[in-house]
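In what follows, a single structure is set out as structure tokens and then discussed.
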Amino acid sequence: ENTPFLYGTGGSPMVHNGTVYLLRDSLKRENSMLYAFDGRTGEVRWKTPRPFSNISYCTPSVLETSDGAEIVTLGAGRLSGYSAETGKEVWSLDGMGKSSINLPVVRDEELFINAKIMLGFEVDYNHEKAWEYILSFDKNENGVIEEKEITQGIRMPQRPDLPLSSPGFGYVMRPPTRFKSEFDLNDDGRIPFEEFVAKIDSMTRKMQAAQGRVQIVRKKGQTPTPELLWSERRYLPEIPTILPYGDRVYAVLNGGFFVVRDANTGKLIEKDRLNASGMYAASPVAANDHIYFASRRGVVTVMKTDDSFEKVSTIQLDGEIYATPAIQDNLIFFRTTKWLYAFQ
């Protein structure tokens, strides 16, 4: 299939009652599709076009309703529910992020949703790491970037904590003179670290403000259209899915922040740092009144769910962690880029 995807499929297949559901939203909207395959033969049972969505890496979820099972997916600016039997879209709700990674979480007849515009520029943007990359263009090594040093291929470092090889690190500025026009604030042909920081901070403020329509929402899953119970626009995880546990909702943000909200009202209860900074791709999981957070760098933090939010344990595993930990019986599994760990 010659269909362009910036990060591949991104989302995972989901199995329900012998059918495998897979979301494939493409950069070419006419190719965006939700598929249902026979789990035994691989035959396509149905496929539903999604021409409104061009960037989405969502794994579908199943919502059981009085009208039958629905397949719930996020897409570009939209949350949709499809009949599991026929693939027909039975409801939709606008106001999501323009690009979505997160898994809709189903608890009883409620949906916990988070969807964020994937633009980077977090509140705790790593200026030093970004500047380290920018200085790779500093040919005369005088500690500033001069106009003549701004050459083809220079990138806007949106997420400087990511590897340079990652598409998410930043986009190539075309033409490269855009870099000067963006960062040379006093137009003297030289860009020192201070000007770079000032411009990045300005962009970060604008990005945060622009995400006012990106929401963490909880919806009641009844057809024809879910009821919006509450919505919040601050402190949104980019890749990890939010975690409803008890009467609270937990989230982890890049930079090593955790956020706790009241599950019934959305009210912010706590926002603080974990014991590991950097990027987070794995979603938090919960067991025995503890939350487990795993950073990309392989650091696992265990936190109590009571009002102390005490970090009771921190461990460095060998390798990076992108996969969400899995819990089975009394074991918790962590998969790094090097090892599979099991803890009891």
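Of everything in the range 268-326 that is over 24 Å from residue 234 (Cα atoms) and small (Gly, Ala, Ser), the residue that is nearest to the chain's Cα centre (by Cα) is 323. Would you check if residue 219 is part of a helix (DSSP H, G or I) and modelled with pLDDT under 95? So residue 219 does not fit the description; no.
Kindly evaluate residue 53 against the criterion of being over 27 Å from residue 107 (Cβ atoms), of a type in the set (Ser, Thr, Tyr), in contact with an Asp or Glu (Cβ under 9 Å, 6 or more places away or on another chain) and not assigned by TED's automatic domain parsing to the domain that holds residue 240. It is false that residue 53 is over 27 Å from residue 107 (Cβ atoms), of a type in the set (Ser, Thr, Tyr), in contact with an Asp or Glu (Cβ under 9 Å, 6 or more places away or on another chain) and not assigned by TED's automatic domain parsing to the domain that holds residue 240.
When the range 231-268 is filtered for residues that are of a type in the set (Lys, Arg) and either under 22 Å from residue 59 (Cβ atoms) or surrounded by fewer than 23 Cβ atoms within 10 Å (Cβ to Cβ) (or both), the ones remaining, listed by number, are 233, 234, 248, 267.
For residue 144, the criteria (1) in the same structural domain as residue 195 (by TED's automatic domain parsing); (2) touching a residue at least 40 places away in the same chain (Cβ under 8 Å); (3) under 15 Å from the mean Cα position of the chain (by Cα) hold in every case but one, which is (3). Evaluation of residue 272 against the conditions (1) part of a strand (DSSP E or B); (2) crowded, with 19+ Cβ neighbours inside 10 Å; (3) not aliphatic (A, V, I, L, M) shows that the sole unmet condition is (2). Can you confirm whether residue 271 is under 28 Å from residue 127 (Cα atoms), in contact with a strand residue (DSSP E or B) (Cβ under 9 Å, 6 or more places away or on another chain), of a type in the set (Lys, Arg) and modelled with pLDDT of 90 or more? Against the criterion (under 28 Å from residue 127 (Cα atoms), in contact with a strand residue (DSSP E or B) (Cβ under 9 Å, 6 or more places away or on another chain), of a type in the set (Lys, Arg) and modelled with pLDDT of 90 or more), residue 271 qualifies. Taking strands (runs of 3 or more DSSP E) as the structural unit, those lying wholly within the range 96-182 and holding at least 1 residues that are at pLDDT 85 or above and crowded, with 21+ Cβ neighbours inside 10 Å correspond to 110-114, 155-157. Of the strands (runs of 3 or more DSSP E) contained entirely in the range 1-88, those carrying at least 1 residues that are free of Cβ contacts under 8 Å to residues at least 12 places away in the same chain and over 21 Å from residue 114 (Cα atoms) fall at 44-49.
The values are calculated or read from the model by the stated rules, or taken from the named source; none is laboratory data. This is a predicted model, so every value here is computed, not measured. Cβ: placed from backbone, ideal geometry, glycine included. Neighbour counts: every protein chain shown.
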